[in-house]
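Comments concern the structure below.
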Amino acid sequence: MAEQADKSAQGPTLKEQLWDPVAGFGVTFRTMFRKVVTEQYPKEKLPTAPRFHGRHQLNRWPDGLEKCIGCELCAWACPADAIYVEGAENIDDAGDGTSARFSAGERYGRVYQINYLRCILCGLCIEACPTRALTMTNEYELADDNRANLIYEKSDLLAPLLPGMEQPPHAMLLGEDDQAYYRGEFAAPAPTGASASQPAGGGA
Ligand code: SF4
Ligand code: SF4
């Protein structure tokens, strides 16, 4: 105790006066010369990781039919209860010669909604989907100023029609048989841009 009292009576040492204040800025000085990692969002938008979980997409077959068969497995898999699906029967001949076929299965998703107020972008729904109808894009700008806009309807989620695709409803534009259809060997009109054998839609 007496030794401590002596030291404080002597005041700070030369090291404490000169070196310690400089050493305190050591981290600051070192960091000043490092590459800046701050992202200037939203002025500059950098690409995400390739498998980033962003907004969902409902994909199409290359003839334009929807891949979703309205089975609701995605809704059952969702831990946040964010998906609502109502299925309906496809009808090849509605009686007046017209077709009410929207997907390549027996049924299609007549109503399809994802509530992004609930969704935690976990990806369990896309794992559950048996037809790869549902995938996730890299789009992450999902903020809005009202709740209603964050419930995405089927029309918001459907992949756009690529060249060579026809807007459903229409018959399956089959190759030789059903298997050829699902392998992507179509008798559809040759697309002008994308390859006919490439399934529509990206995502993880
Ligand atoms: S990503 Fe997860 S939380 Fe979002 S809809 Fe799919 S299962 Fe539900
Ligand atoms: S998105 Fe997939 S899992 Fe969900 S209803 Fe459609 S086919 Fe079924």
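The values are calculated or read from the model by the stated rules, or taken from the named source; none is laboratory data. Source: prediction; values computed, not measured. Cβ sites come from the backbone with ideal geometry, for glycine too, and all protein chains shown count toward neighbours.
Numbers for the structure displayed
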| quantity | calculated |
| --- | --- |
| Hits in region 52-64 - residues which are modelled with pLDDT of 95 or more and either of a type in the set (Lys, Arg) or out of contact with any helix residue (DSSP H, G or I) (no Cβ under 9 Å at 6 or more places or on another chain) (or both) | 52, 54, 55, 59, 60 |
| Per-region count, region 115-171, residues of a type in the set (A, V, I, L, M, F, W, C) and away from ligand 2 (no atom under 14 Å from the Cβ) | 13 |
| Members of region 32-76 that are surrounded by 10 or more Cβ atoms within 10 Å (Cβ to Cβ), more than 20 Å from residue 153 (Cβ to Cβ) and polar (S, T, N, Q) | 48 |
| Those helices (runs of 4 or more DSSP H) lying entirely in region 89-204 with at least 1 residues in contact with a Ser or Thr (Cβ under 6 Å, 6 or more places away or on another chain) and modelled with pLDDT of 80 or more | 124-128 |
| Residues (touching a His at 6+ places or on another chain (Cβ under 9 Å) and of a type in the set (S, T, N, Q)) located in region 114-161 | 135, 137, 138 |
| Residue satisfying all of: in region 29-57; over 17 Å from residue 142 (Cα atoms) and of a type in the set (S, T, N, Q); farthest from ligand 1 (Cβ to nearest atom) among these | 31 |
| Single condition residue 80 does not satisfy, out of (1) more than 16 Å from ligand 1 (Cβ to nearest atom); (2) surrounded by 11 or more Cβ atoms within 10 Å (Cβ to Cβ); (3) aliphatic (A, V, I, L, M) | (1) |
| So residue 133, is it within 17 Å of residue 87 (Cα to Cα), surrounded by 13 or more Cβ atoms within 10 Å (Cβ to Cβ) and within 11 Å of ligand 1 (Cβ to nearest atom) | no |
| Residues being surrounded by fewer than 20 Cβ atoms within 10 Å (Cβ to Cβ) and away from ligand 2 (no atom under 12 Å from the Cβ) - total across region 100-114 | 1 |
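For (1) in contact (Cβ under 8 Å) with a residue 60 or more places away in the chain; (2) within 14 Å of ligand 2 (Cβ to nearest atom); (3) of a type in the set (Lys, Arg); (4) assigned to a loop (DSSP other than H, G, I, E, B), each residue gets a yes or a no:
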position	(1), (2), (3), (4)
15	no, no, yes, no
22	no, no, no, no
29	no, no, no, no
38	no, no, no, yes
70	no, yes, no, yes
75	no, yes, no, no
